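Taken together, the values in this text are just the output of simple stated rules run on the coordinates, not laboratory data. Owing to the predicted nature of the structure, the values given are computational and were not obtained by experimental measurement. Reconstructed Cβ throughout: ideal geometry from the backbone, glycine too, with neighbour counts over all protein chains shown.
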Amino acid sequence: MPSRSWMKTAAEEIAQAAQLAVVLEVSAYPKPGNIDRFHDFRDTKYDHFLAGGIAIGACTREASLKGLRAGNGEISLSQLGIGSWIRKGVYQTAQWHQGGNTNLGTLSLLVPLAAGAGMTWASTSKLTAPLLRQNVKRALKATSVKDALNFYDAVRKAKPGGLKKPKVKGAPDVLKNSAAEEITQKRLTLYQVMKACAAWDRIGSEWATGMTITFKVGYPQLAEVFRREGDVNKAVVQCYLKILADYPDSLVARRRGLQTARRISEKAKAVLEKGGMLTEAGKQAVLKLHAQLRSPDNSLNPGTTADLTASSLMVFLLCGFRP
């Protein structure tokens with residue numbers, strides 16, 4: 001069994017991967033419609049995302065330690081507490097900046113990745129993407145009713161955009177005061193809630209599919225572009241464009257409708273057909289799309305795509321990538 005000191009060191013490294021993933025994602029330029037190192041939103045700034053990225057260190061470290069303990073057989077998977085660490089991350093973020101919600105969606109992906117990484121490192125010294133994904137799936141499916149309650153509290157605290165969603169069977173409306181009572185009475189786990197939301201929310205879909213986009217689209221794209229170009233910024237933006245092109249952004253869909261989200265995906269495909277960040281014509285197309293998606297109310301912001309880019313980066317980092 002690994003020593004306590006080794007477990008703390010491993011958990012620290014996993015947490016640093018989560019923090020760096022957030023910082024690299026938000027810093028990449030230009031990500032059409034999103035905040036980057038040169039562009040802020042009216043109320044939320046680049047600095048807020050940097051602060052939020054650092055603030056998630058504690059919750060991802062704790063999730064990692066729980067994963068290590070679960071991997072060692074000290075606790076059950078249902079005791080990982082994924083919902084509580086997402087909630088803790090949202091509350092800690094709010095203590096460090098006043099820019100509103102910067103990382104609820106990201107935390108919903110990075111916390112399970114942290115727990116899964118801990119579970120993986122408990123049994124092997126070499127973390128690989130297939131092993132990590134296998135353990136992440138186990139962690140997601142083992143979430144509890146308490147995780148669901150903590151997650152709903154985190155959503156209310158973060159107040160993400162587009163909450164006025166259509167009613168979904170199996171997912172109590174987070175805006176209603178009766179949501180917690182309904183979760184408790186029906187014994188709904190966080191995994192069950194996310195599966196119910198999968199048809200209209202990309203984060204829910206990632207949970208339901210064992211993070212298909214993160215592991216099968218984003219991570220391979222990052223690895224391939226960085227291998228060819230040796231440029232982190234190009235790799236991150238190209239990853240963002242690939243995800244956006246293949247999967248209409250669910251935040252945009254909630255704010256402006258699915259047809260608008262699909263049109264943006266078609267534009268991202270056209271940008272990639274010109275080479276994206278890998279050709280001069282592609283770069284100009286990226287900048288043009290970036291300008292088109294910037295609006296005063298940020299309603300064309302593909303924020304979920306940014307979350308998925310961050311989770312892809314965390315997998316890349318956990319598998320050995322160093323900028």
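Rounded, prolate or oblate for the stretch 231-322? Axes are the square roots of the Cα gyration tensor eigenvalues, ordered a ≥ b ≥ c, and the cut-off for rounded is a/c under 1.5.
oblate
Mind listing P(r) for the stretch 1-110? All alpha-carbon pairs, 5 Å bins, whole percents.
2, 13, 21, 21, 17, 11, 7, 5, 3, 0, 0
Which order do the peptides 178-185, 220-227 take when ranked by the mean count of other beta-carbon atoms within 10 Å per residue, highest first?
220-227, 178-185
Are there DSSP H segments in the chain that both extend 27 Å or more along their axis (alpha-carbon positions) and score a mean Kyte-Doolittle hydropathy of at least 0.0? List them, or say none.
4-27
How do 206-219, 241-254, 70-83 rank on mean C-beta neighbours within 10 Å, highest first?
241-254, 206-219, 70-83
Net charge around C319, counting only other residues with Cβ within less than 15 Å of its Cβ (Lys, Arg = +1; Asp, Glu = -1)?
+3
Give me the net charge of E266's neighbourhood, meaning all other residues with Cβ under 13 Å from the Cβ of E266; Lys, Arg count +1, Asp, Glu -1.
+1
Return the ratio Rg/(2.2 N^0.38 Å) for the chain, where Rg is computed over Cα atoms only.
0.94
Which value, in debye to the nearest 20, describes the size of the charge dipole of the stretch 4-318 about its Cα centre when Lys and Arg Cβ atoms bear +1, Asp and Glu Cβ atoms bear -1, and nothing else is charged?
Computed about the Cα centre, the dipole is about 680 debye.
Using a Gaussian network model on the chain with a 10 Å cutoff between Cα atoms, which of L127, L308, L107 fluctuates the most?
Result for the chain, Cα springs under 10 Å: L127 fluctuates most.
Taking K and R as +1 and D and E as -1, what net charge do the other residues with C-beta under 12 Å from the C-beta of Q92 add up to?
Neighbourhood net charge equals +3.
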